[in-house]
Amino acid sequence: MNQADLRGFFAEKSTLNMDDYIVLEYYFECAANPEQAAAHLCQEQSTAQWKRVDVDEDLRGRFGAKVIDLVVERMLDQPTYPFLSHSNDKAYSCKVKIAHPHGNFGAKIPNLLTAVLGEGTFYSPGISAIKLLDIEFPESYLGNFQGPKFGIAGLREMLGVYDRPIMIGVIKPNLGLAPEPFAELARQAWLGGLDIAKDDEMLCDVEWSRLTERAERLGAARLECERLTGEKKIYLANITDEVDRLIELHDIAVARGANAVMVNGMTTGLSAVRMLRKHTQVPLFAHFDFIAPFTRMLYFGVHSRVMTKLQRMVGFDSIILPGFGDRMKTSDSDVLLDVQECLKPLGHLKPVLPVPAGSQWAGSIPQLYEKLHSVDFGIVPGRAVFEHPMGPQAGAASLRQSWEATVRGLTLFDYARDHAELLAAIKEGH
């Protein structure tokens, strides 16, 4: 690419009508000149061969992605992920912002991802490592998305819970039990103070636990517990399946007593979730399966905040995401970025409830509150509720007691002196 061609993929942001562009932020490493690598990146993900031979035309003005900021951070002795044929080459470490005209692909998630995370990005000449760090969307683009139907406010209204975190329990074992004992575990936990009892992400419509019967039994148990406790409850049914069954399973679950549904959105595809959201009558929860292979590599793939943002756009009301601590292998800063993507303003789209997951228990609540500086989160233990030494009812009670201690400014140890459920949780360590 000669110098004149290269400059055709650069622009001053002030010269562009930014309503027509999304802004992509990438980290990349290149062995070649960084400006040339950045121009190739724009070319490959937009116009590719940008003019025909012997035809006086230049498609870059309307269709070309354009570099609006490029920073060369440092020189690396060796690329993080070397080319097989150039393993000893030095490399430049760079950050780039690209204005990409969204008219190229429209408000279609599959086409958007093809443009920004497809062949043109990961096979761009001269680039050995690349990671999409963020996407900024103008309201002109976001306006095409409905986003969450309920969001945080809708979930809180359903439960009548406005001043504390939402207590969610993952009924164990993860592959589930027959519907009758499964429903009994949920019933006990609801009686102990749990707000939401949920299927684990591994449990779907399976031979040993058909969704039809499971939803009937848990729906009946939910109504019983609402009468006994005077509190609203939610049964969150996992309807993850082939795309052509999602609406059918939603209808089965809701008709028989589930009042929220969960989908492993990355395994079904975000476009499938967007379709389902148009049909939903109840809140829609996301689980983070299949996100790690795209997001966990430091200098390759896509940042989890991008996936969180996209999940909010397609209509999830709550997003279960990798949380704090060693179990989830995610830095605190990345967890906080994901949480912020759930809560911060995003055009007209409602905020969604973030649920940082990973071996949570009563002892996690003070830490979560301290790190998040908000009550707008969910805690989602499994073993801590359903393997509590005093049973699921006590496990759920220990969560509520932990929150009571937190808002009173007491240590969990002090509060546990008069609360056996919390004391047992502390002794168990989960």
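A few remarks follow.
- Selection of the range 392-425 for residues being touching a residue at least 40 places away in the same chain (Cβ under 8 Å) and surrounded by fewer than 18 Cβ atoms within 10 Å (Cβ to Cβ) yields only Val407.
- The set of residues in the range 316-335 being buried (at least 17 other Cβ atoms within 10 Å of the Cβ) and either part of a helix (DSSP H, G or I) or of a type in the set (Asp, Glu) (or both) consists of Asp317, Met328, Asp334, Val335.
- From the list Arg245, Arg210, Arg187, the one residue that fits, being surrounded by fewer than 24 Cβ atoms within 10 Å (Cβ to Cβ), in contact with a Lys or Arg (Cβ under 9 Å, 6 or more places away or on another chain) and of a type outside the set (Val, Ile, Thr), is Arg187.
- Gly126, sole failed condition from (1) over 25 Å from Ala31 (Cβ atoms); (2) in contact with a helix residue (DSSP H, G or I) (Cβ under 7 Å, 6 or more places away or on another chain): (1)
- Counting only residues that are of a type outside the set (D, E, K, R) and either touching a His at 6+ places or on another chain (Cβ under 8 Å) or touching a residue at least 60 places away in the same chain (Cβ under 8 Å) (or both), the range 44-62 holds 3 of them.
- Considering the conditions (1) more than 26 Å from the chain's Cα centre (by Cα); (2) under 30 Å from Tyr21 (Cβ atoms), Ser140 is excluded by exactly one of them, (1).
- One residue stands out in the range 406-425 among those that are hydrophobic (A, V, I, L, M, F, W, C) and within 30 Å of the chain's Cα centre (by Cα): the one that is farthest from Trp361 (Cα to Cα), namely Val407.
- Hits in the range 397-418 - residues which are farther than 16 Å from Ala384 by Cα and of a type in the set (Ser, Thr, Tyr): Thr406, Thr411, Tyr415
- The criterion of being among the small types (Gly, Ala, Ser), touching a residue at least 60 places away in the same chain (Cβ under 8 Å) and either outside any strand (DSSP E or B) or in contact with a His (Cβ under 7 Å, 6 or more places away or on another chain) (or both) holds for Ala362.
- Flag if Asp334 is free of Cβ contacts under 8 Å to residues at least 24 places away in the same chain and out of contact with any Gly (no Cβ under 8 Å at 6 or more places or on another chain): no
- Condition met for Leu270 (farther than 24 Å from Ile168 by Cα and surrounded by fewer than 23 Cβ atoms within 10 Å (Cβ to Cβ)): no
- Residue check, Ile109 surrounded by fewer than 20 Cβ atoms within 10 Å (Cβ to Cβ), touching a residue at least 60 places away in the same chain (Cβ under 8 Å) and β-branched (Val, Ile, Thr): yes
- Within the option set Phe182, Phe150, being within 22 Å of Gln360 (Cα to Cα) and modelled with pLDDT of 95 or more holds for one residue only, Phe182.
- Total residues in the range 152-190 satisfying the condition of being in contact (Cβ under 8 Å) with a residue 40 or more places away in the chain and more than 30 Å from Lys344 (Cβ to Cβ): the figure is 8.
- Flag if Val355 is over 16 Å from Leu142 (Cβ atoms), of a type in the set (A, V, I, L, M), in a strand (DSSP E or B) and within 15 Å of the chain's Cα centre (by Cα): yes
- The one condition in (1) under 18 Å from Val355 (Cβ atoms); (2) outside any loop (DSSP other than H, G, I, E, B); (3) in contact with a Phe, Trp or Tyr (Cβ under 7 Å, 6 or more places away or on another chain); (4) not acidic (Asp, Glu) that Arg164 fails to fulfil: (2)
- Selection of first residues in the range 318-330 that are outside the structural domain of Pro351 (by TED's automatic domain parsing) and closer than 13 Å to Gln340 by Cα and of second residues that are surrounded by fewer than 22 Cβ atoms within 10 Å (Cβ to Cβ) and at pLDDT 95 or above, restricted to Cβ pairs under 9 Å at least 6 apart or on distinct chains, gives an empty result.
- Among the residues listed as Glu207, Glu201, Glu216, the single one being over 16 Å from Leu284 (Cβ atoms), in contact (Cβ under 8 Å) with a residue 24 or more places away in the chain and assigned by TED's automatic domain parsing to the domain that holds Lys172: Glu216
Okay, residues lined up against (1) surrounded by 16 or more Cβ atoms within 10 Å (Cβ to Cβ); (2) in a loop (DSSP other than H, G, I, E, B); (3) not assigned by TED's automatic domain parsing to the domain that holds Glu12:
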residue	(1), (2), (3)
Ala39	yes, no, no
Gln43	yes, no, no
Asp54	no, yes, no
Leu70	yes, no, no
Pro79	yes, yes, no
Tyr92	yes, no, no
Asp134	yes, no, no
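The values are calculated or read from the model by the stated rules, or taken from the named source; none is laboratory data. Since the structure is predicted, the reported quantities are computational estimates derived from the model, not experimental observations. Virtual Cβ from ideal backbone geometry, glycine too; neighbours counted across all protein chains shown.
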